[in-house]
Structure formats: C-alpha cells, structure tokens
1. Evaluate the following for G52: is it surrounded by fewer than 17 Cβ atoms within 10 Å (Cβ to Cβ) and either without any contact (Cβ under 8 Å) to a residue 24 or more places away in the chain or in contact with a Cys (Cβ under 7 Å, 6 or more places away or on another chain) (or both)?
2. Give region 15-35 a look and list any residue that's surrounded by 13 or more Cβ atoms within 10 Å (Cβ to Cβ) and farther than 17 Å from G61 by Cβ, or say none.
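Just so it is clear, none of the values below were taken in a lab; they were calculated from the coordinates. Because the structure is a prediction, the values reported are computed rather than measured. Neighbour counts run over all protein chains shown; Cβ positions are idealised from the backbone, glycine included.
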Amino acid sequence: MAPAEFLVTRVVEVGVHGLDLAAALGREPWLTPAAAEVTGGRGVPAGLGWDGSTLVAEATGRAPLTGRKRAVLAAAGVRWLAFAAG
C-alpha cells in the first residue's frame, strides 16, 4: 500500500470513529471539510441538503436511509463503504 493510500485509511478511521464518539457522548457530530472530502469522496449529492458528516454517517450505516435517500445516492454514483451496515 502506498503511503498516500495508507493516510487516506487513517483519515477515514479517525473521521468515522470520531462520529461514533460524538454520538456516544451526546455531542453534535462533525468532520473537518478536508476529512469529509477524503471520507465522503465525491461530496454530498445535490438534493439532500446534507453536510459531509451526515453523508458519512448515512453511507456507513450510522444513520437510517430512506428509499428516497438511497435513490439519490445511487443516482449520484455513491458506492457504499466496505464497512457499511446497509
């Protein structure tokens, strides 16, 4: 694995587990814009009104997805992360 690829995995881990930690502590989840870009890839599809934290939470199964949200994400070409629940 190239060093740049390894660093991406670390940003994803810190970002996703940071969302878990915020939820466990009853805090508002957040990601820096750079971490959201690395973790969320293409960015938030138009029509959802989400920020990067919400996109990552939804795409990793940390928040429930409705059929409409799934359709918007699929139409935007968002692929589910390998560790997603759903």
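1. Working: surrounded by fewer than 17 Cβ atoms within 10 Å (Cβ to Cβ): no; either without any contact (Cβ under 8 Å) to a residue 24 or more places away in the chain or in contact with a Cys (Cβ under 7 Å, 6 or more places away or on another chain) (or both): yes.
Criteria not met by G52.
2. Of the residues in region 15-35, the ones surrounded by 13 or more Cβ atoms within 10 Å (Cβ to Cβ) are 15-16, 18-20, 22-23, 29-32, 35.
Result: W30, T32, A35.
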